[in-house]
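Derivation of every value follows stated rules applied to the coordinates shown; laboratory data play no part. Only a predicted model underlies this, so the values are computations on that prediction, with no experimental measurement involved. Virtual Cβ from ideal backbone geometry, glycine too; neighbours counted across all protein chains shown.
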C-alpha cells in the first residue's frame, strides 16, 4: 500500500512537469492557433540558461530567476522575429517552420555550450529524502517540484480567470476577429501569450534539470508527451491540461511500476521483461487513441461560444 | 620529333605508374554518434582517432589516410544506411567506430557481405562474439557481458547477498544484466529494463528497487542516462542505504557532470586513464594537451583501433588486395595498446584484464582511478559458438 502511494507520488510529480509544458503549449495552440514544435526547445533553453546563471552566481535560486527572465526574453524575441510571419498560415507551414526552429535551437545550443551537456546542481540541503508518511521516504526536491508547479498553476488560473489580461486571452481563444474588432491590440496579446508559454516551458526545463540532465534535445521526448496531454485534455483548455497531465503521469509511472511484473506472470521471464516496458510506454498512446475515437474534442474542451 | 615526344610520354607514364600505385590512400569510414545528447561520446572517439593519426604521422601503414565521419544519430536504421553509403559509394577500406550494440547488429550484414574490414570500437553485442563472428570484423572493446561479469565477481567479494539489476531495454542492456547474473552468486530480487533511449525519469524504477530491499543495485546506463540515473538515485537518499555497482555508467565524460554524486560508486572497466604503461601515459597526456579534456574508455578503444589498422597495413606493406593476409596480420594485434596487454581470441574479441575503478576527489578535481584487477586475461563465454572460417 505504501509502495502504491509512493508510485502515485512519482506519477503526480511527472504529471506536474508535463503540466508546465502542456499549459504553455495549449495556450499557444488554443489562442493563437499555432502548432509550436519549438516549445521543447524553449524547455531546453530554459534549462541551459538556468544552469549557466546558477554556475555564474553560485546560487540555485538566482539561476532560476535569471534563467526565467532570460527565457521570457528569448520567447518574446522569437515571437517577434520568427513566429509572427506564420500566423494565419496553414498548420503544415507552422510544423515546418517550428521544426526548423527546433533544429536551429539544437545547433545554436551546441555552438554556445558544446555537446557535453551541463548539470544544474541542487543545494545540498535539498539532496535528501524526507519521510512523507510513516515508512515512505520521498526525495525532497520532487516535493518541491509538486508544490512549485501547483503554485504556478494557481497563479496561471488567477491570471487567466480573474484578470483583465486573462479575459482578453480567453476572448482571443473564443473569437479572435471580434477581439480585434473591439480595438484590442491582438499582436501585443499574441506576443504576451507566446512569452508566457515560453516562460512556462523554460520553467519546466529548469526545474526538471536537477533530476535529469541538461542536454541537447532534452525537450523533444517530453514534448511528445505534452502533445498527448493536450489532445487528451482538450486543446486550449488549461484545466484539461492539468487533469490530463496528472492522468498521463500516473498511467506512465504506474504502468512502468506494475506492468513488467504483470507481464511476467503470463509470459516467460525474458519475454515478459521485454514486453513489460514496451507495453507500458504504449499505454498513454492507447489512451490518446481512445480519446480521439470517443471524445475527439478532448476530456475538458475549452468552451467556444 | 613527334615520335620522340610520344616515347617520352610513354616512358614518363611507365615511370609514374608504380609511384601512383604507392600513393593509394587508405579510406576509413568512421561511424559514431555526433549529434544529440550523446554527441560527447562520438566526439571523444573522433578526438582519439585523430590523435592516433597525429601520433602515426597522419599515415596508416605508411599510406596517407582519408577519414569520412558519419553520424548514426543513435538509430540502427540510420547507422546501416550510413554504412551502406560508405561501402558502396565511398568504397572505404575500413569501417571504424560504432557505439551502440543495436546499431552494430543492424549494420553487420552489409559489412560482411561486402567483405569490408570493420574495427568495432565500442559496441559489444554478444552475437558478434558468437554465431555472427566474421573474419572481417574485429573489436577493440569487449563483449557486452564481460564488464558486468567482472562487477558481479566484485559484488561476491563484497559479500552482497541480494541484488536488483537495472538497465535500458536494448541489445546491450539485456547482455549487461545477463552478464551480472552469470557471475553474481547471490539472489537476484528484481530485474528491470527501461525504455531506451528516451526514458525521462527513473522514479518508478528506483521506488521499485528500494521496495525490494536488496543489498545492492547494479546499473548499466551509458551517456546522459547514467547521469540522470545516478542523480536520481542520490536524491532519493539511496546512496547511504543501498550501494550501487555500475558498468559503463561513470566515465570521464559523465564524472565532470556528476562530481560528488559519483564518489564512492564502483565500476568495472578494461581501461582506466591511470594504467601505468607508456603508450597510455602518452595517449592521456597528449589528449589532455590537445583537447583540454580527459579521454574516456570510448576514446581509448578508438585510439587502439587506429594502431591496430596501422599494424596490419605495415605487415602487408600497405596491400589491401590480399584480404586473407591482412586479416592474419590484424589477428596478431602487433601494437602497443593503451590498456597494456592485448591479444585477440579466435572470434576477434580481445582477451584482456578488467579493473575495478573508483571515482575519487583530489583537491577540487574529480578523477577515476584503478583500485584493483578483478579478472586477468578474461575471454568472453560466446567464443565457442563462433565458427571462424580459416
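Points to keep in mind about this one:
- Where both bridge residues fall in chain B, DSSP classifies roughly 35% of the beta bridges as antiparallel.
- 222 nm mean residue ellipticity, helices alone, for chain B (DSSP H n ≥ 4; -39,500 (n - 2.57); rounded to 500): -13000 deg cm²/dmol
- Residue of B:29, B:318, B:173 that the Gaussian network model of chain B assigns the largest fluctuation, springs spanning Cα pairs under 10 Å: B:318
- Nearest-ten-degree value, helix B:146-157 long axis tilted from longest Cα axis of chain B: 30
- Rounded to 10°, Cα long-axis angle of helix A:91-113 versus longest principal axis of chain A: 70
- By other beta-carbon atoms within 10 Å, ranking A:27, A:9, A:200 with the fewest at the front produces A:9, A:27, A:200.
- Taking B:122, B:159, B:273 as the candidate residues, the one with maximal mean-square fluctuation in a Gaussian network model of chain B, Cα springs under 10 Å, is B:159.
- Distance from the alpha carbon centroid of region A:229-305 to that of region B:176-204 works out to 24 angstrom.
- Partner chain coverage, peptide A:236-245 - average Cβ within 10 angstrom: 0
- Exposure proxy ranking, count of Cβ atoms within 10 Å, fewest first, for A:178, A:1, B:176: A:1, A:178, B:176
- Crossing angle, helix B:101-113 versus chain B [Cα axis fit, 0-90 degrees, rounded to tens]: 30
- Cα→Cβ-extended label distance, 7 Å offset, between residue B:322 and residue B:360, nm: 5.0
- Counting, for every residue in A:104-113, the Cβ atoms of other protein chains within 10 Å of its Cβ and taking the mean gives 1.
- log10 of Debye I(q)/I(0), alpha-carbon scatterers only, for the protein assembly as shown at 0.05, 0.09 Å⁻¹: -0.27, -0.82
- Modelled label reach - residue A:113, point 7 Å along Cα→Cβ, region B:243-285 residues with backbone N closer than 15 Å: B:257-258
- For the pair residue A:159 and residue A:147, label points projected 7 Å from Cα toward Cβ lie 2.2 nm apart.
- Of every Cα-Cα pair in region B:189-283, the percent that sits beyond 18 Å: 48
- Ranking of B:58, A:256 by count of other Cβ atoms within 10 Å, fewest first: B:58, A:256
- Seen from all directions on average, region B:34-164 presents a Cα convex hull projection of 10.3 nm².
- Share antiparallel - DSSP beta bridges, the protein assembly as shown, percent rounded to 5: 40
- The modelled label-to-label distance for the pair residue B:288/residue A:69, using points 7 Å beyond Cα in the direction of Cβ, is 4.0 nm.
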